[in-house]
Amino acid sequence: MPFTPTEQLNAVIKAIDAVNAEDPRKISINGTDKPYEAVYADRMTETMQRMYPDASELLRIAARAQHIRRWQIPRDTFPRNKAGYQKWRLGMRQLHAELVGGIMGDNGYSDDDIALVGTYLRKERLKREADSQALENVVDVVFLDYYWDDFVTKFADYDDDKLIDIVGKTLRKMSSHGHAAALALDLPPETARIVLAAVEREKDTLAAMAAREVG
């Protein structure tokens, strides 16, 4: 049976979209400039619906809010090193959780529901909670599908070994369902080559992870 959103869910999605529409950064889609995070939210929802057509209401909210108001804390406000990156990522995740929690509260969601969406957005309970893992799978597939080429261009000094290592780390965050979705993407030949090389490099680790999956 097709998923039918509730009025409550529609109100939350509308509020998230209103926030992301304020993004001053733009991306060109079919010749039209659109707010960067609004486009990202659409891609998250579309990918979620394809990968998890029976996704829960809370998971749909988390997917839509994955990057809500991401421009508020620029990466450059933290040191350009691994520790600075990690601190920035933690701050972003907490911001996303707080913003969507406020929106959900305004629209009648319970404290328990708000807390659960917060755990998804903060990347808690990966490999242990199905919806948290599902969100991570969608995030990673969206990255490979839409943002990998920009990433490679930005870090043009990275050689194949470095890129394969990055994709390998991404694969280790995903479940077998995510791996299948990633491998089914219609990727450019050069991207597909890197992904397949990472799968080959990580094949023993990925097989062991799949054997430990529950459900």
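The values are calculated or read from the model by the stated rules, or taken from the named source; none is laboratory data. Everything numeric here is computed off the predicted structure, so don't read it as measured data. No Cβ is skipped: glycine too gets one built from the backbone with ideal geometry, and neighbour counts run over all protein chains shown. For the accessible areas, the whole protein counts, side chains as well, though only heavy atoms, and no ligand, DNA or RNA atoms are used. Shrake-Rupley method; radii C 1.70, N 1.55, O 1.52, S 1.80 Å.
Before moving on, here are some points about what is shown:
- Region 106-215 - Rg over Rh from alpha carbon coordinates, Kirkwood radius: 1.04
- Between LEU95 and TYR147, the simple label model (points 7 Å from Cα in the Cβ direction) yields a spacing of 1.3 nm.
- Accessible carbon and sulfur surface of region 1-123 relative to its total accessible area, %, 1.4 Å: 53
- Point-to-point label distance, TRP71-SER176, nm (Cα→Cβ direction, 7 Å offset): 4.2
- Spherically averaged projected area in nm², based on the convex hull that wraps the Cα atoms of region 89-142: 3.9
- With a Förster radius of 22 Å applied to the beta-carbon distance between ALA211 and LYS123, the computed FRET efficiency rounds to 0.45.
- Helix 111-121 and the longest principal axis of the Cα set of the chain meet at an angle near 20°.
- Computed from the Cα positions only, the extents of region 44-162 along the three principal axes stand at 48, 32, 24 Å, in decreasing order.
- Here the extension length gained between ASP186 and THR32 equals 53.1 nm, from 0.36 nm per residue of separation less the Cα-Cα distance.
- Point-to-point label distance, ASP159-GLU22, nm (Cα→Cβ direction, 7 Å offset): 4.6
- The equivalent ellipsoid of the chain has semi-axes of 27, 22, 17 Å, largest first, where each one is the square root of 5 times an eigenvalue of the Cα gyration tensor.
- The percentage of C-alpha pairs in region 22-114 whose separation is greater than 20 Å is 49%.
- FRET efficiency for ARG193 and GLU57, using Cβ-Cβ distance with R0 set to 35 Å, rounded to 0.05: 0.35
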